[in-house]
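A quick write-up on the structure given underneath.
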């Protein structure tokens with residue numbers, strides 16, 4: 001079992017819909033990252049959080065340390081949001097980064 | 001500020017050869033981490049360097065090695081290449097350890113034939 005699990009693996013939605021991607025982890029962590037990868041490979045860091053909630057534009061990330069769970073929300077989704085979203089967790093102690101398998105999001109106009 | 005740069009961007013090598021990949025971090029960043037991405041295994045952590053010292057190493061064989069120079073530039077080397085080493089190799093830099101925000105380079109796509 002992977003230490004970091006993401007769901008769903010694939011998500012297709014209509015433009016304007018509210019999107020939620022979930023990430024669960026099984027180990028103690030010092031930080032959790034949400035990353036975005038577009039076709040072609042480039043990865044952009046969206047959020048890094050260790051508690052609570054962060055918001056940037058239409059994107060919101062939350063984390064519940066007790067439940068070992070984080071969510072990435074996209075409001076008013078747009079076709080340009082189509083990408084693979086990856087969560088990654090820093091292991092508490094050695095800080096090694098472990099990645100989820102990613103969620104492929106497709107937004108249809 | 002210039003972003004993270006990686007060279008070369010594409011590389012084709014033959015099984016048994018060795019390869020060296022280079023990563024130049026964002027100016028002022030002292031931490032460089034390397035990752036391997038394959039369709040089957042996804043993203044996996046290779047190693048992390050901070051101020052020329054290896055802080056962490058992932059679960060990869062000894063054929064994978066790296067180093068960091070005094071200007072924070074980093075190189076990784078893979079010796080005795082295998083077909084399974086074909087992957088996108090990404091480096092990321094940050095101001096602190098990998099628990100800080102990571103800034104990724106565009107990657108080097110390595111194909112081993």
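Checking each residue in the range A:73-96 for being within 11 Å of another protein chain (Cβ to nearest Cβ) and more than 13 Å from residue A:33 (Cβ to Cβ) picks out A:84, A:92, A:93, A:94. Checking each residue in the range B:86-113 for being more than 9 Å from chain A (Cβ to nearest Cβ) and farther than 24 Å from residue A:89 by Cα picks out B:86, B:110, B:111, B:112, B:113. Taking the criterion of being more than 11 Å from chain B (Cβ to nearest Cβ), modelled with pLDDT under 95, more than 11 Å from the chain's Cα centre (by Cα) and surrounded by fewer than 17 Cβ atoms within 10 Å (Cβ to Cβ), would at least one residue in the range A:43-50 satisfy it? Checking the range A:43-50: not a single residue is more than 11 Å from chain B (Cβ to nearest Cβ), modelled with pLDDT under 95, more than 11 Å from the chain's Cα centre (by Cα) and surrounded by fewer than 17 Cβ atoms within 10 Å (Cβ to Cβ).
In the set B:72, B:98, only one residue is crowded, with 17+ Cβ neighbours inside 10 Å, on the phi > 0 side of the Ramachandran plot, assigned to a loop (DSSP other than H, G, I, E, B) and in contact (Cβ under 8 Å) with a residue 40 or more places away in the chain; that residue is B:72. Among the residues making up the range B:11-49, those that are under 21 Å from residue B:71 (Cβ atoms) and not in a strand (DSSP E or B) are B:25, B:26, B:27, B:28, B:29, B:30. Within the range A:8-40, take every residue that is within 14 Å of another protein chain (Cβ to nearest Cβ) and surrounded by fewer than 16 Cβ atoms within 10 Å (Cβ to Cβ) and give me the one that is modelled with the highest pLDDT. For the range A:8-40, the residue satisfying everything is A:9. Picking from residues in the range B:58-68 that are at pLDDT 95 or above and in contact with a strand residue (DSSP E or B) (Cβ under 8 Å, 6 or more places away or on another chain), the one that is nearest to residue B:28 (Cα to Cα) is B:68.
Selection within the range B:83-95: residues that are within 21 Å of residue A:48 (Cβ to Cβ) and within 16 Å of the chain's Cα centre (by Cα). The member of this set that is surrounded by the fewest Cβ atoms within 10 Å (Cβ to Cβ) is B:94.
How many of the residues in the range A:51-68 are assigned to a strand (DSSP E or B), within 18 Å of residue A:18 (Cβ to Cβ) and away from every other protein chain (no Cβ under 14 Å)?
Number of matching residues: 5.
Comparison of B:113, B:80, B:108 shows that the only residue that is surrounded by fewer than 19 Cβ atoms within 10 Å (Cβ to Cβ), closer than 22 Å to residue A:40 by Cα and at pLDDT 95 or above is B:113.
Please state which one of A:19, A:29 is under 25 Å from residue B:94 (Cα atoms) and in contact with a strand residue (DSSP E or B) (Cβ under 7 Å, 6 or more places away or on another chain). So the residue among A:19, A:29 that is under 25 Å from residue B:94 (Cα atoms) and in contact with a strand residue (DSSP E or B) (Cβ under 7 Å, 6 or more places away or on another chain) is A:29. Filtering the range B:13-65 down to residues that are without any contact (Cβ under 8 Å) to a residue 12 or more places away in the chain and away from chain A (no Cβ under 14 Å), which residue is surrounded by the most Cβ atoms within 10 Å (Cβ to Cβ)? Among residues in the range B:13-65 that are without any contact (Cβ under 8 Å) to a residue 12 or more places away in the chain and away from chain A (no Cβ under 14 Å), the one surrounded by the most Cβ atoms within 10 Å (Cβ to Cβ) is B:61.
The values are calculated or read from the model by the stated rules, or taken from the named source; none is laboratory data. Predicted, not measured: the structure shown is a model, and the values here were computed from it. With ideal geometry, Cβ positions are generated from the backbone for all residues, glycine too; neighbour counts draw on all protein chains shown.
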